[in-house]
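What follows is a single structure, written as structure tokens, with notes after it.
The values are calculated or read from the model by the stated rules, or taken from the named source; none is laboratory data. It should be emphasised that the depicted structure is a prediction, and the values quoted were computed from it without experimental measurement. Note that each Cβ is placed from the backbone with ideal geometry, even for glycine, and that neighbours are counted across all protein chains shown.
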2 protein chains.
Amino acid sequence: MDGKSRVIFQNTMPSRRQLPTSCLLIYDRILLRSFRPWIRSFTFSYGVKAGEELKQLSHFPEHVTKLLKINEQMQTRDLTIIALGGGSVGDFAGFVASVFKRGVPLIQIPSTWLAAMDSAHGGKTALNAGGFKNQIGSFYPAHLTFICKSLLLSQPVERGTDAVGELHKTVLLKGGALWRKCKDSREFSARQIYQLLPDLIRYKHSIVQRDPYETKGLRLILNLGHTLGHVFEAALARSHGQAVDLGLVFALEFSKSRGHLSEKSYARIMATQFGRSLPPLPTVGECLRQVRDLERYITQDKKLSDGNIRFIFLNNVGKPIIEKTAVQEIVEFARALERKA
Amino acid sequence: MDGKSRVIFQNTMPSRRQLPTSCLLIYDRILLRSFRPWIRSFTFSYGVKAGEELKQLSHFPEHVTKLLKINEQMQTRDLTIIALGGGSVGDFAGFVASVFKRGVPLIQIPSTWLAAMDSAHGGKTALNAGGFKNQIGSFYPAHLTFICKSLLLSQPVERGTDAVGELHKTVLLKGGALWRKCKDSREFSARQIYQLLPDLIRYKHSIVQRDPYETKGLRLILNLGHTLGHVFEAALARSHGQAVDLGLVFALEFSKSRGHLSEKSYARIMATQFGRSLPPLPTVGECLRQVRDLERYITQDKKLSDGNIRFIFLNNVGKPIIEKTAVQEIVEFARALERKA
């Protein structure tokens, strides 16, 4: 943000010469399996178990106490926090960096495809509280992000699947050349995803730069597929990728039903390999049926004023629109889709 | 900051028309004694016990859980947090505002002189952790600050004494007309302090605006008297005002000893009523004798790189200078002062 966030693509992990002198590495412990020597090269480091539990606000004081003890040994307050891990580690370490001594520089080294294409960019950090996700957080862009091919390719294959939801979302939002690159793909290999990363990251940066603090509404378009996506994630414990894919289908159907997306454009999207790779309607209907208290989930998750949320529709590929929509209407459409599907 | 922080001086508490529709008031419970009807006019409010305990990071998750419950009843995320209280309430509520749903607008209504002239301005929010003050926090300026005469004058007289340390500091830093206004005063009545508030606040804003995130070093000059002040506060449990006054005498003596402040200028300051109201040297010496582990206190408190801190000296009234100084030299001068005093 503010032109400060740099992204470096490279094959290997950053060398010590690419990093500041005083670093505190916060890393996903599971990466010790493949990157032990690199992690152990840091004098000051803090291993964590990745996952939503790491982001629990209730554990935060304990983490901070330990990090302050490490920092005391460092004999300096001019430290940089390096976050090595997936989304939960990035969210957690990013939040730590944003409030530690009122903010210290942050370097992100995402280890999952999802973090590499999405969560490591845009400066959102977050903790979970009160039973809901991301209730506490900050806008704190990384000063530097390393996209390391060897790290990303070392991840289990499922990680790629996890990321496909966000990839699909960005392709639908951006359209143009990115759509043409992707529309004939039913699946994306790890190497294909890696090839697409610069496009995906550039698109996210372009949106975030115009609305870094999500105050102008512009940034909201990145929520395409997420209103229902977050519900499926929270209520049905789906992976973020699966949940967003389900949410994208909902958004496409809803866009068509509200007359934003023409039948013709809808059919054209669905006829591509890309469209065929999205979850089928009956699956979406089945998932909707399983959610109890849909209204409450949507209400808690989104910026709500007077029972309305700003829902992201598609006019066409590459043409998102934001429209104030009553939560009640979304719930009614969901009920209709359940019956239809 | 960024020209966004407005300060409104008025006799009475803000009317509801001066405040946004969706407010969550975080208030010092002790103010229910004098301002119950005003506080009770808020549908959503959260009373706290002021003091350092409130700022303990370990209690933070519990506070947040309760605040999220209140927010759920509000049915909106577009809330504004109002902080009504002294420094600890402002630090706490300011931090809450900065991280609640990644940041909501903040209005400060300082109830103590110290908060009204200092801590409510400049955007520093903070919690205590690991046994040290202000280890966790953010730069998050209030969007609006109300300085209410009736509120400030309702405070016990000691509160005025608490604030005098910061008042003395600003007078020495700013010099000029403010020095001429204050140099013949040995004491400041509540009404006199109120008269001085616009000058004191304007000075702080002028410095903070040039260095909002304390990255350029400029803002450091506001630490005059605070290197030792924070030590006396932490180690000897002195009030912030008393501690800063002791720290100012240390800074003046240290400035003279290092040749920054001439004997003549020093004598001229000390000959005024203002100078005579500062703690006498033997008292400072006695306090220094009582501090064990001075080096560790200074090290933890300040931005340290390689055993040096940036100490604020005075060249003269209105002429602060920042100089990199070894913690060891400060400790040695403290030992010398102990012997001399």
Which numbered condition residue A:84 fails, given (1) more than 14 Å from chain B (Cβ to nearest Cβ); (2) touching a residue at least 40 places away in the same chain (Cβ under 8 Å); (3) surrounded by fewer than 23 Cβ atoms within 10 Å (Cβ to Cβ): (3)
Six or more apart or on different chains, Cβ under 8 Å: which pairs go from a residue in region B:68-80 that's without any contact (Cβ under 8 Å) to a residue 40 or more places away in the chain to one that's β-branched (Val, Ile, Thr) and surrounded by 15 or more Cβ atoms within 10 Å (Cβ to Cβ)? Could you list them? B:75/A:299; B:77/B:104
Looking at region A:296-316, I want the residues that are within 11 Å of chain B (Cβ to nearest Cβ) and under 16 Å from residue A:173 (Cα atoms) and have a partner that is part of a strand (DSSP E or B) and modelled with pLDDT under 85 with Cβ atoms under 7 Å, at least 6 apart or on another chain. Which pairs are those? none
For region B:1-56, give me each residue that is out of contact with any Gly (no Cβ under 6 Å at 6 or more places or on another chain) and aromatic (Phe, Trp, Tyr). B:9, B:35, B:38, B:42, B:44, B:46
Looking at B:220, B:278, which is the one that is in a helix (DSSP H, G or I) and either under 22 Å from the mean Cα position of the chain (by Cα) or closer than 28 Å to residue B:142 by Cβ (or both)? B:220
Can you confirm whether region A:298-313 contains a residue that is surrounded by fewer than 19 Cβ atoms within 10 Å (Cβ to Cβ) and of a type in the set (Phe, Trp, Tyr)? no
Could you tell me how many of the residues in region B:304-321 are at pLDDT below 95 and out of contact with any Ser or Thr (no Cβ under 7 Å at 6 or more places or on another chain)? 3
If only one of A:295, A:323 is in a strand (DSSP E or B) and either surrounded by 15 or more Cβ atoms within 10 Å (Cβ to Cβ) or not aromatic (Phe, Trp, Tyr) (or both), which one is it? A:323
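Taking the stated definitions as given, is residue B:94 more than 14 Å from chain A (Cβ to nearest Cβ) and in contact with a strand residue (DSSP E or B) (Cβ under 6 Å, 6 or more places away or on another chain)?
No.
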Regarding residue B:214, is this residue over 23 Å from residue B:145 (Cα atoms), surrounded by 13 or more Cβ atoms within 10 Å (Cβ to Cβ) and under 16 Å from the mean Cα position of the chain (by Cα)? no
Return only the number of the condition from (1) in contact with a strand residue (DSSP E or B) (Cβ under 6 Å, 6 or more places away or on another chain); (2) at the interface with another protein chain (Cβ under 9 Å from one of its Cβ atoms) that residue A:131 does not satisfy. (1)
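Quick grid of which residues meet (1) modelled with pLDDT of 95 or more; (2) within 11 Å of chain A (Cβ to nearest Cβ):
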position	(1), (2)
B:90	yes, no
B:98	yes, yes
B:102	yes, yes
B:110	yes, no
B:114	no, no
B:120	yes, no
B:126	yes, yes
B:136	yes, yes
B:146	yes, no
Matching residues, region B:247-275, being assigned to a helix (DSSP H, G or I) and of a type in the set (S, T, N, Q): B:255, B:257, B:265, B:273
Residue A:205 versus (1) in a helix (DSSP H, G or I); (2) closer than 26 Å to residue A:325 by Cβ: which is the lone unmet condition? (2)
Residues satisfying the stated conditions in region B:146-159, i.e. touching a Leu at 6+ places or on another chain (Cβ under 9 Å) and of a type outside the set (A, V, I, L, M, F, W, C): B:154, B:159
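Every residue, every condition in (1) of a type in the set (Ser, Thr, Tyr); (2) farther than 30 Å from residue A:126 by Cβ; (3) surrounded by 22 or more Cβ atoms within 10 Å (Cβ to Cβ), yes or no:
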residue	(1), (2), (3)
B:99	no, no, yes
B:106	no, no, yes
B:120	no, no, yes
B:139	no, no, no
B:159	no, yes, no
B:169	no, yes, yes
B:176	no, yes, no
